[in-house]
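Everything on this sheet refers to the single structure shown next.
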Amino acid sequence: MRTRIICAAAVAAAYCAVLLATPALAIENPLVATIKPVGQGGTRGNVTFFQMGSNVNVAVSLESGIAGEASLDLRTGTCKAYAQNSKWPLGSFGGSTQETRLPNTKLENLVGEVLLVHKTHDVGSPVIGCAEIRT
């Protein structure tokens with residue numbers, strides 16, 4: 001009986017050692033997503049998410065500049081079905097590039113979100129571009 005207990009403890013210890021030695025699945029840093037056009041006059045480009053310490057830097061680059069001001073936000077969902085309310089408003093911009101920072105967040109927390117490019121500075125305006133954040 002004592003031998004069985006010792007063997008069981010040794011097997012349990014070996015199993016735990018294997019589990020602890022196995023690395024967690026890592027998110028590629030930076031994480032890049034393609035912005036696809038939505039509707040007529042839609043825009044395309046890329047968005048790059050880069051973990052920097054406890055923050056995530058977000059860099060948006062559009063193939064053609066936005067005339068006037070557009071806005072960006074992150075929402076839960078897909079490009080076909082996303083949440084009604086913004087999870088992370090990223091501000092407004094004009095031109096073809098925008099950089100911002102998401103404080104105190106992890107890159108893996110953004111997987112499953114979508115980045116939306118809106119036609120005007122109002123995040124309630126029509127969406128003209130969308131990127132699904134996936135691994």
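Summary table
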| read-out | value |
| --- | --- |
| The one condition in (1) within 13 Å of the chain's Cα centre (by Cα); (2) surrounded by fewer than 16 Cβ atoms within 10 Å (Cβ to Cβ) that LEU102 fails to fulfil | (2) |
| Filtered residue count, region 89-115, keeping only those that are touching a residue at least 24 places away in the same chain (Cβ under 8 Å) and assigned to a strand (DSSP E or B) | 16 |
| Residue list for region 113-125, restricted to those being at pLDDT 95 or above and either surrounded by fewer than 14 Cβ atoms within 10 Å (Cβ to Cβ) or in contact with a Lys or Arg (Cβ under 7 Å, 6 or more places away or on another chain) (or both) | GLU113, VAL114, LEU116 |
| Among the candidates LEU90, LEU110, LEU74, residue that is in contact with a helix residue (DSSP H, G or I) (Cβ under 8 Å, 6 or more places away or on another chain), under 15 Å from ALA33 (Cβ atoms) and surrounded by 14 or more Cβ atoms within 10 Å (Cβ to Cβ) | LEU74 |
| The lone exception for CYS79 - which of (1) surrounded by 14 or more Cβ atoms within 10 Å (Cβ to Cβ); (2) over 15 Å from the mean Cα position of the chain (by Cα); (3) farther than 23 Å from PRO103 by Cβ it fails | (2) |
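The values are calculated or read from the model by the stated rules, or taken from the named source; none is laboratory data. Every value quoted in this text rests on a predicted model; they were computed, and no experiment measured them. A quick note on method: Cβ atoms are made from the backbone with ideal geometry, for glycine too, and the neighbour counts reach across all protein chains shown.
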